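Undergrad: The structure's right below; bear with me while I get my questions together.
The values are calculated or read from the model by the stated rules, or taken from the named source; none is laboratory data. What you are looking at is a predicted structure, and each value in this text was computed from that prediction instead of being measured. FYI the Cβ positions are ideal-geometry reconstructions off the backbone, even for glycines, and counts take in every protein chain you see. Note: areas computed on protein heavy atoms with side chains; ligands, DNA, RNA excluded. Shrake-Rupley method; radii C 1.70, N 1.55, O 1.52, S 1.80 Å.
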Amino acid sequence: MPQFCNVEFAKMTDIIKHRGIVENIEGSHVRVRIVQTSACSACSVKGHCNASESKEKLIDVFDMKASSYRIGEEVMIYGTTSMGMQAVLLAFGIPFLVLLITLFISMRFTGGDELRSALVALSALLPYYLIIYVCRNKLSKKFSFTLEPIKNN
């Protein structure tokens, strides 16, 4: 693995897994409810602190074995950290760069008019998110999760 300034970059093949409960099954589409908790939700003093939180999320999984699952069944849902990093890049990194570059270019062309430049920069995000919306089916295939039943002994 390459090193830079004594920092080792790890491969992004680590697996993210969550326990979930099957909410709905339609053909090969399975909707799974997971409880996403913050890091401090496992802390012993979380009841006395306002920083801990947990949220329920619904995850759509396309699985050819969907008929083998039952509503209410407990399952393990798997994804990769690289998939999460790519999602963050698409949702936040690229739009930030688009916003910043457009802002600086429009500041140059508007003679430093900050309000007009800010509006131009914000409006430049509309085509980006429109492209993301149009490509949502392709992206949903790229960002796919896998399911495994939890064997209760």
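Undergrad: Is any residue of the stretch 65-81 close enough, with backbone N under 12 Å, to a label point placed 7 angstrom from the Cα of residue 21 along the Cα-Cβ axis, and if so, which?
TA: What the label zone holds, given the 12 Å backbone N cut-off, is 71-75.
Undergrad: Amide H to amide H, which residues 5 or more places from residue 145 or on other chains are under 5 Å from it, using H placed in the peptide plane?
TA: Answer set, sorted by chain and number: 62.
Undergrad: Here's a follow-up. Please list the non-local residues whose amide H lies under 5 Å from the amide H of residue 73, H modeled 1.01 Å from N, same-chain partners needing a gap of 5 or more.
TA: When sequence neighbours closer than 5 places are left aside, the close amide H contacts are 22.
Undergrad: How would you rank 117-124, 139-146, highest first, on the average number of other Cβ atoms within 10 Å across their residues?
TA: On the way: 117-124: 15.5, 139-146: 13.4.
Peptide ranking by packing, descending: 117-124, 139-146.
Undergrad: If packing is taken as the mean number of other Cβ atoms within 10 Å per residue, what is the order of 126-134, 71-79, highest first? Intermediate values should be presented prior to the final figure.
TA: On the way: 126-134: 11.0, 71-79: 15.4.
Ranked by mean Cβ neighbours within 10 Å, highest first: 71-79, 126-134.
Undergrad: In the stretch 71-153, what percent of the accessible surface is made up of carbon and sulfur (1.4 Å probe, ligands and nucleic acids excluded)? Working shown, then result.
TA: Working: 4260 of 6070 Å².
Percent of accessible area from carbon and sulfur atoms in the stretch 71-153: 70.
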